[in-house]
Amino acid sequence: MPPLAEIITILALNFALCLAAFFVLWMIGSAIRDVSFIDAVWALGMGGLAVSTWLQAEEGFGPRKLLLLGLCAAWSLRLGLHLLLRWRAHGPDRRYVRMMEKAKAERGWSYPHATLRLVFALQAPLMWTVALPVQLGQLSAEPARIGFLGWAGAALAAIGIALETLADAQITRFKADPANQGKVLASGLWRYTRHPNYFGDICVWVGLYLIAAETALGVWALPGPLLLIFLLARWSGGVTYERRLTKSRPGYAEYQRRTSPLIPWPPKPAQPDAV
């Protein structure tokens, strides 16, 4: 294990890179008056932290480091590019548009002020914390071999990438069909969970944590996956738009009643009087 001073230096440099990147992105978002790209940056940024750590860590070609880097890069690039393309195809995200309009109407905040306070201020510490498995997990050289826990984590992360990819493909195809306007996707993975993409995300980062947890330092990365689970389940995930869908989309309340919020599970039977 590297000296404590070296560990702190690497983590501090990664954090400083996060702050610098989000400061630049805040200026860009303020200039174009659209911050919808932040979701893509979240994914790409965690891949960037994995690369930054790999470049700074000793024995960069160790099997654990390469496994963490490879899985994180695959997840990061796939999700980041998907979200960037979605943003370019559909324009500003309505969530952020409403957030900025509300901040201006209720608090009198300018667009740069609102985006700094409500969007960018917390991004760096949150992203840095969630990405702890691919940071701390690369800093210990021992054990050199990947054990059962690590391979189980790799399998879980690969399953998570596959689930998230399939879920995104299903919802994209569903929304592209004009006949589905105003309807609820309740087939495929979406039949078993209202948020299969979020469940895939959690699988990825729990898996990466298990790979890291075989090392003395990596075991301390547990706040990363725990924070991600909280963010997706209770704060920035489906909670932010499910209330709107129950009011604007007929059938969503029934879908919500029948379908597991996160962990895939067979749906409950329909109520006799459900429409």
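The values are calculated or read from the model by the stated rules, or taken from the named source; none is laboratory data. The structure displayed is predicted, hence computed values, not measured ones. Here Cβ is always computed from backbone atoms with ideal geometry, including for glycine, and neighbour counts include all displayed protein chains.
Considering each residue of the range 156-166 in turn, none proves to be free of Cβ contacts under 8 Å to residues at least 12 places away in the same chain and not polar (S, T, N, Q).
Search the range 61-119 for residues being acidic (Asp, Glu) and in a helix (DSSP H, G or I), and hand back the single one that is nearest to GLY29 (Cα to Cα). Here the residue is GLU101. Restricting the range 236-275 to residues that are at pLDDT below 85 and under 21 Å from CYS203 (Cα atoms), the residue that is surrounded by the most Cβ atoms within 10 Å (Cβ to Cβ) is GLY237. Scanning the range 167-195 for residues that are in contact (Cβ under 8 Å) with a residue 40 or more places away in the chain, of a type outside the set (A, V, I, L, M, F, W, C), farther than 18 Å from TRP205 by Cβ and assigned to a loop (DSSP other than H, G, I, E, B) turns up GLY182, LYS183, TYR192, ARG194. Which condition from (1) part of a helix (DSSP H, G or I); (2) surrounded by 18 or more Cβ atoms within 10 Å (Cβ to Cβ) is the one that VAL24 breaks? The single condition VAL24 does not satisfy is (2). Would you check which residues across the range 28-41 are surrounded by fewer than 19 Cβ atoms within 10 Å (Cβ to Cβ), assigned to a helix (DSSP H, G or I) and touching a residue at least 24 places away in the same chain (Cβ under 8 Å) and list them? Across the range 28-41, the qualifying residue is only SER30. Among the conditions (1) under 23 Å from THR165 (Cβ atoms); (2) at pLDDT 95 or above; (3) surrounded by fewer than 19 Cβ atoms within 10 Å (Cβ to Cβ), LEU222 misses just one, which is (1). Which one is nearest to LEU81 (Cα to Cα), of the residues in the range 164-215 that are of a type in the set (Asp, Glu) and surrounded by fewer than 22 Cβ atoms within 10 Å (Cβ to Cβ)? Checking each candidate, the answer is ASP168.
Considering the range 163-212, and only residues there that are polar (S, T, N, Q) and within 14 Å of the chain's Cα centre (by Cα), the residue that is nearest to ARG249 (Cα to Cα) turns out to be ASN197. Apart from one condition, LEU149 fits all of (1) crowded, with 17+ Cβ neighbours inside 10 Å; (2) modelled with pLDDT of 95 or more; (3) not aromatic (Phe, Trp, Tyr); the exception is (1).
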